[in-house]
Amino acid sequence: MKIVAISGSVRKESYNSALLRAACDLAEAPMRLELYQQLVTLPAFDPALTEQLVPDAVVEFRSLLAASDGIIICTPEYAHGVPGALKNALDWLVDCADLVLKPAAVMSVATSGLGGVRSFCPMVQVLSAMNWQVVIEASLQVPFAKRRFDDELQLRDELTRQRLSIALSALARVVMELR
Ligand SMILES: Cc1cc2nc3c(=O)[nH]c(=O)nc-3n(C[C@H](O)[C@H](O)[C@H](O)COP(=O)(O)O)c2cc1C
């Protein structure tokens with residue numbers, strides 16, 4: 001069961017990417033997470049290029065997701081919204097027939113106490129508009145990131161580990177049901 005995990009932050013010391021790395025470690029067989037870390041290679045979305053002349057980086061991105069059993073997107077909140085690099089990537093996926101009903105979990109990690117809710121909620125809307133199957137039981141908001149991770153960005157908070165584990169199990173359950 002291959003799950004592609006996308007961080008909405010391209011920052012080297014990103015808490016959102018750190019949560020996804022923790023998810024990689026927590027995932028139990030047959031689930032296997034693969035981190036997609038190429039957001040910066042995707043050019044600015046241009047609808048004129050969606051049919052022909054699709055850039056190679058976009059072709060690879062679409063193929064990776066199409067071949068997956070599910071997707072996790074974990075994103076910070078920038079200026080009360082979805083970070084531009086992530087939204088740009090998603091714009092390239094609008095109308096991808098291979099992704100219709102793809103099970104997806106939305107996660108957000110923030111240093112503030114709101115847990116990135118103003119990115120989390122629009123992400124659910126955007127993915128639903130794209131006809132992905134957002135699995136709310138597999139979705140998660142993590143506030144106060146600095147308390148949850150140590151200086152090496154290892155997830156140290158037991159409650160968050162448990163919540164993450166439960167979320168991964170919920171996603172695995174939906175994927176199995178679809179088989
Ligand atoms: C440009 C920018 C805008 C931000 N806007 C918000 C915001 O609207 N709300 C919020 O809670 N945090 C905001 N933050 C703080 C981020 O939540 C925090 O930096 C978080 O650690 C970013 O995620 P990352 O560690 O995965 O990169 C912002 C940070 C940046 C750099």
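Rundown of residues vs (1) farther than 23 Å from Arg21 by Cα; (2) at pLDDT below 95; (3) out of contact with any Ser or Thr (no Cβ under 8 Å at 6 or more places or on another chain); (4) buried (at least 16 other Cβ atoms within 10 Å of the Cβ), yes/no style:
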| residue | (1), (2), (3), (4) |
| --- | --- |
| Leu93 | yes, no, yes, yes |
| Lys102 | no, no, no, yes |
| Phe120 | no, no, no, yes |
| Phe144 | no, no, no, no |
| Glu152 | no, no, yes, no |
Would a scan of the range 23-39 turn up a residue that is more than 22 Å from Gly115 (Cβ to Cβ), under 13 Å from the mean Cα position of the chain (by Cα), within 16 Å of the ligand (Cβ to nearest atom) and not charged (D, E, K, R)?
yes
Are any residues in the range 73-105 away from the ligand (no atom under 14 Å from the Cβ), under 17 Å from Ser9 (Cα atoms) and in contact (Cβ under 8 Å) with a residue 60 or more places away in the chain, and if so, which ones?
Ala89, Ala105
From the list Ser108, Ser165, which one is surrounded by fewer than 20 Cβ atoms within 10 Å (Cβ to Cβ) and either within 16 Å of Ser14 (Cβ to Cβ) or touching a Leu at 6+ places or on another chain (Cβ under 6 Å) (or both)?
Ser165
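Conditions tested, residue by residue: (1) at pLDDT below 95; (2) buried (at least 17 other Cβ atoms within 10 Å of the Cβ); (3) farther than 27 Å from Leu164 by Cβ; (4) among the aliphatic types (A, V, I, L, M).
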position: Glu13; (1), (2), (3), (4): no, no, no, no
position: Ala18; (1), (2), (3), (4): no, yes, no, yes
position: Thr41; (1), (2), (3), (4): no, no, yes, no
position: Thr50; (1), (2), (3), (4): yes, no, yes, no
position: Ala57; (1), (2), (3), (4): no, no, yes, yes
position: Leu65; (1), (2), (3), (4): no, yes, no, yes
Tally up the residues in the range 154-179 that are modelled with pLDDT under 95 and either part of a helix (DSSP H, G or I) or over 23 Å from Ser68 (Cβ atoms) (or both), please.
1
Report every pair of residues separated by at least 6 positions or lying on different chains whose Cβ atoms are under 7 Å apart, first residue within the range 151-179 and without any contact (Cβ under 8 Å) to a residue 24 or more places away in the chain, second assigned to a loop (DSSP other than H, G, I, E, B) and surrounded by 15 or more Cβ atoms within 10 Å (Cβ to Cβ).
none
When Met123 is run through (1) within 25 Å of Met1 (Cβ to Cβ); (2) away from the ligand (no atom under 16 Å from the Cβ); (3) of a type in the set (A, V, I, L, M, F, W, C), the failure sits at (2)
Residue check, Val109 away from the ligand (no atom under 16 Å from the Cβ) and under 14 Å from the mean Cα position of the chain (by Cα):
no
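The values are calculated or read from the model by the stated rules, or taken from the named source; none is laboratory data. Since the structure is predicted, the reported quantities are computational estimates derived from the model, not experimental observations. With ideal geometry, Cβ positions are generated from the backbone for all residues, glycine too; neighbour counts draw on all protein chains shown.
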